[in-house]
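Just below is one structure, and these are the notes that go with it.
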Amino acid sequence: MIENRPGTTAIAHTVLLLGVLAVGFPVYLAFVASTQTSAEIVQNVPMSLLPGSHLLDTYRLALFGGETSYGSRIPPAGRMLWVSFVTAIVIAVGKIAISMLSAFAIVYFRFPFRGLVFWMIFITLMLPVEVRILPTYKVVADLNMLNSYTGLTLPLIASATATFLFRQFFLTVPDELTEAARIDGAGPLRFFKDVLLPLSKTSMAALFVIQFIYGWNQYLWPLLMTTTEDMYPIVMGIKRMFAGGDAANEWNVIMATAILAMIPPALVVVLMQKWFVKGLVDTEK
Amino acid sequence: MAAIEFNNVIKRYGTGPKANQVIHGVNAEVKDGEFVVIVGPSGCGKSTLLRMVAGLEEITDGTISIGGRVVNDLEPAERDIAMVFQNYALYPHMSVFDNMAYGLKIKKVPLDEIKARVDKAAKILELGQYLQRKPRELSGGQRQRVAMGRAIVRQPQVFLFDEPLSNLDAKLRAQTRLEIEKLHRELGITSLFVTHDQVEAMTLAQRMMVMNGGRMEQFGTPEEVYHRPATTFVASFIGAPPMNLLTGVEGVREGVVLGVRPEHLRVVDSGGWPLQVETVEMLGAERLIYGHLGGAQGPWTILRMHETEAPPASGQTLHVVPLEDRVHGFDAASGRRIES
């Protein structure tokens, strides 16, 4: 659009600002709440919108756990962050590795029932974790994988979406490149490593960002299959902080934990943004 | 360096009654160090034949040998060949140097030798200053040279070119053609060059293989192919504009097709064949006269005139005679040349 009218610019900016406000205000609210004591939050209605002076206390409590002024026990978020981080990384890396290899097989090898295999993978797109959660639970429980990283990640690693994405990408790689590699004497795995892998870098980065966040945000599955506190991921940990019944919520600590939980995915997005956008937009092969 | 032998080479896709045969038994021998151009219209099987030599297509029947060794069951890398592709097929993420060195690295050639060979090839192709660039930072002609460099450094017994010039513009094409010719003169490596462009074929070939519908129609030097076309197909495919193929004109026997190239028709004052002129095309150095022999219903005939000659007007009737020793006879049924 090469239009330049001050009116439209003003409207565009207003809409954008409203959008930023809608997204940004709750985050700001969480941050402000995390800098106050829980007593301050409860007593001042509505809550003060200026940051308080207990930032360090709250975050120390949230990260390392301990007793609050009300006497309730806060589990350390540090451990939960670690569990979430490992889970998200394993899921993201595992998904990329497995789907790349299966896409490689589907695109470059002629084997019996190749079409059937592809469609079976494709059909699983219709079966998200939630649909198959009970049978999956049964299998994982029978394999003694409850409360383990394997149990947390393995059932989530297979990915039809990523396989499909890589398949589409591999199909755009010119056949001559494969043939040139064959003439150069590169075997299938060598070709995969030396040619396909470097060409897929941007797609891999984009997928990594998406899948890391997918792994980080897992809630239902860990809720079902973790029963010990040392295997709780952070997203579950936040939920568990809400006291049941009449007990008071430690809003400041909950908000601090929420902020802590937001930081890693935000960092991944910010740090990989350049690659991410390139991976989604880039068409030059 | 090596000779290439085609021994009743057949290519079929699929099996059983639905099989589609695209190459119908090619027999030919390419001599050691020879530059052979395979030329034909699209779909004639010329690229398939080349890819069978490269090992990118299976050979259904018959044998291909390179340097006396039957290569039917060898992987492309084991055949000691190098190929230049139409779209260059350079590895986009590798520098020019790595593109050229990749095959050697896989063969585990020592690094200093790789460097020496790449440097030498880069010098021949004047690519020295681009070695660290990526293919996308190069122009089409430079990419083509890198693709050739990649072939040279392998020091193969045979070069295979699959329409390497068709992605270049006309000027660059002529220039690259000369470079390929020079390269062949210097290195003397047996080369197979596939093209659909007869100018490329005529200028580059020491011998050319004219193909049509999966069959080799003629295999000979450009002179032979031009002066003694083996079939009506070759006669009409090689030479622009194509040879006039005449039937039922005065003095031609029944069952014989008479072939006369447009440049071998002469205008005379009287006698000869009457040619009714329809259109005149000015090409610069010459004019093409399109007309009908023997009245308006006769066959379409083209006559080539030098621009210094006075052009005829449309509707005018010219009298033309063919040059005595430039007339070709073909059997009307088989299309084969009749030796006189």
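Observations on the model:
- Candidate aspartates and glutamates - alpha carbon under 12 Å from residue B:11, same-chain residues fewer than 8 apart omitted: B:57, B:58, B:61
- In degrees, nearest ten, helix B:111-124 long axis to first principal axis of chain B (Cα): 30
- Dipole magnitude of region B:1-131 about its Cα centre (Cβ charges: Lys, Arg +1; Asp, Glu -1), debye to nearest 20: 220
- Cross-link reach list, lysines versus residue B:182, counting only Cα pairs under 21 Å and skipping chain neighbours closer than eight places: B:31, B:120, B:123, B:171
- Euclidean distance of C-alpha centroids, region B:186-210 and region A:185-204, integer Å: 34
- For region A:128-285, lysine pairs separated by 8 or more sequence positions, or belonging to different chains, with Cα-Cα distances below 19 Å total 6.
- Remark: the Cα gyration tensor places chain A in the oblate category, a/c being 1.5 or greater and a/b not exceeding b/c.
- 10 Å Cβ neighbours from other chains, averaged over peptide B:74-82: 3
- In summary, the aspartates and glutamates within cross-link reach of residue B:107, defined as a Cα separation below 13 angstrom excluding same-chain residues under 8 places away, comprise A:184, B:78, B:80.
- Here chain B is treated with +1 on each Lys and Arg Cβ and -1 on each Asp and Glu Cβ, and its dipole about the Cα centre works out to around 1220 debye.
- Available extension along the chain between residue A:114 and residue A:149 is 9.4 nm, counting 0.36 nm per residue and deducting the alpha carbon span.
- Taking every DSSP beta bridge that has both ends in chain B, the antiparallel portion is near 75%.
- Listed residue (B:76, B:38, B:338) projecting farthest to the positive dipole end of chain B, Cβ model: B:76
- Protection proxy ranking of A:169-181, B:265-277, B:198-210 - average other beta-carbon atoms within 10 Å, highest first: B:198-210, A:169-181, B:265-277
- Within chain B, helix-based [θ] at 222 nm, where runs of 4 or more DSSP H residues each add -39,500 (n - 2.57), nearest 500: -7500 deg cm²/dmol
Each value in this text was obtained by applying a stated rule to the coordinates, not by laboratory testing. All of these numbers come straight from a predicted model, not from anything done at the bench. FYI the Cβ positions are ideal-geometry reconstructions off the backbone, even for glycines, and counts take in every protein chain you see.
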